[in-house]
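The values are calculated or read from the model by the stated rules, or taken from the named source; none is laboratory data. It should be emphasised that the depicted structure is a prediction, and the values quoted were computed from it without experimental measurement. A quick note on method: Cβ atoms are made from the backbone with ideal geometry, for glycine too, and the neighbour counts reach across all protein chains shown.
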Amino acid sequence: MAKHTVVLIPGDGVGPEVAHATRRVIDAAGVDFSWLEMPAGQGALAEFKDTLPECTLAALTQHKIGLKGPVGTPIGEGFKSVNVTLRKKLDLYAAVRPVRNLPHLKTRYENVDLVIFRENTEGLYSGIENEVTPGVVMSMKVATEKACDRIARYAFRYANRRQRKKVTVFHKANIMKLTDGLFLRCARRVWEQEYPNIQYEEMIIDNACMQLVKDPTRFDVLLMENLYGDVISDLCAGMVGGLGVVPGANIGDDCAVFEAVHGTAPDIAGKGLANPLACLMSGVMLLNYLHDTRHDATCKAAADRIKHAYDRVLTEGQTLTRDLGGTAGTAEFTAAILERL
Ligand code: ATP
């Protein structure tokens, strides 16, 4: 029996292309994985009449670790977002998104090295919306002390372990006094009581956007609620080369699902053009997580090998996907990484 069973959800759009490329690279890096491929998204609708079938949720609950491609959610009406439902049902409360410049990838900014912590289970993504009267609709922003407290604690614990210097909380507590006020109070309390060794800063979200584009290097760890985290993740991705290079993890106390920040990229789906790097980097986070939580040294070794391999491909600069200024497709780029492995 394999040491780790990992649930693989290829998803929609470019999802299957990047997820399968990632699986090939991880397999080649020398780990003892058994992959359990499960459906979710538009592709699951025909067979299961559901974008998040029960069997997929059950597999994640049983094996506790997943790698997921993006899944589409129809805009406006219809099914609930698979991502939001998955995060809520499995209580994956911390979205962790490291945003860094990659070797030899020239972008507008240099020396960007941020880690975004996004609360993943409430805020305006609580899904509580109603029509008060025709022509008047409402969306409820929810904040609970429990959720605000645990995401703050998670971010500070991470900062402390990784010798990060500063945590900045983005908020709009001047307007949303109760909800963002609670988020801020919890963060401040965790800092004061548990991590006074780390610098702490609070910044109103609109000013934070301006400060980020002026000089992202003044930031280190960023902590925020759900919606701000969604928007700021894409903004920060744009600083280091776009959505093709930013990985992510959704982590709970019991279970973790790794996925790139990007969506289904319908404009390039099925064309073999997608950059698999964000998904592969999420795979590297998964390997490091298995090392940290299950103490499997082969996972750490595989993570390091994969990282060196894609660093080399980037540094050599000859086989890059279009979003990184090259002409290679998904297959060519993946083959280059496999060769360097
Ligand atoms: P969602 O709302 O599902 O999060 P989004 O609005 O953020 O999605 P994406 O689907 O991520 O949008 O696509 C945004 C842009 O980034 C598109 O032009 C897309 O082609 C590009 N993009 C996204 N992912 C990749 C990738 N892996 N490789 C290359 N380009 C990508």
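The condition of being surrounded by fewer than 18 Cβ atoms within 10 Å (Cβ to Cβ), under 26 Å from residue 326 (Cα atoms) and either hydroxyl-bearing (Ser, Thr, Tyr) or touching a residue at least 60 places away in the same chain (Cβ under 8 Å) (or both) does not hold for residue 97.
Evaluation of residue 267 against the conditions (1) over 11 Å from the mean Cα position of the chain (by Cα); (2) buried (at least 22 other Cβ atoms within 10 Å of the Cβ) shows that the sole unmet condition is (2). Among the residues of segment 114-161, what is the count of those that are at pLDDT below 95 and among the aromatic types (Phe, Trp, Tyr)? Summing the residues that are at pLDDT below 95 and among the aromatic types (Phe, Trp, Tyr) in segment 114-161 gives 1. The set of residues from segment 233-284 being within 21 Å of residue 302 (Cα to Cα) and within 9 Å of the ligand (Cβ to nearest atom) comprises 245, 260, 275, 276, 277, 278, 279. In the condition set (1) in contact with a helix residue (DSSP H, G or I) (Cβ under 6 Å, 6 or more places away or on another chain); (2) under 29 Å from residue 120 (Cα atoms), residue 253 is compliant with all but (1). The single condition among (1) closer than 27 Å to residue 292 by Cβ; (2) part of a loop (DSSP other than H, G, I, E, B); (3) at pLDDT below 95 that residue 85 does not meet is (2).
Output the residue which, of all residues in segment 160-186 that are assigned to a helix (DSSP H, G or I), within 21 Å of the chain's Cα centre (by Cα) and not charged (D, E, K, R), is farthest from residue 98 (Cα to Cα). So, considering only residues that are assigned to a helix (DSSP H, G or I), within 21 Å of the chain's Cα centre (by Cα) and not charged (D, E, K, R), the one farthest from residue 98 (Cα to Cα) is 183. Give the residues of segment 70-94 that are buried (at least 19 other Cβ atoms within 10 Å of the Cβ) and more than 16 Å from the ligand (Cβ to nearest atom), sorted by residue number. Answer for segment 70-94, where residues must be buried (at least 19 other Cβ atoms within 10 Å of the Cβ) and more than 16 Å from the ligand (Cβ to nearest atom): 90, 92, 93, 94. Report yes if residue 223 is surrounded by fewer than 24 Cβ atoms within 10 Å (Cβ to Cβ) and within 25 Å of residue 122 (Cα to Cα), otherwise no. Here the answer is no, as residue 223 does not meet what is asked.
Can residue 157 be described as under 20 Å from the mean Cα position of the chain (by Cα) and in a helix (DSSP H, G or I)? In short, yes. The listed residues are 32, 27, 12, and the only one of them that is in contact (Cβ under 8 Å) with a residue 24 or more places away in the chain, surrounded by fewer than 17 Cβ atoms within 10 Å (Cβ to Cβ) and more than 18 Å from residue 250 (Cα to Cα) turns out to be 32.
Within segment 273-300, the set of residues being among the hydrophobic types (A, V, I, L, M, F, W, C) and touching a Gly at 6+ places or on another chain (Cβ under 7 Å) comprises 273, 277, 278, 279.
Mind listing just one residue for me: the one in segment 163-188 that is more than 21 Å from residue 206 (Cβ to Cβ) and in contact (Cβ under 8 Å) with a residue 24 or more places away in the chain and, of those, surrounded by the most Cβ atoms within 10 Å (Cβ to Cβ)?
Filtering first and then ranking leaves 186.
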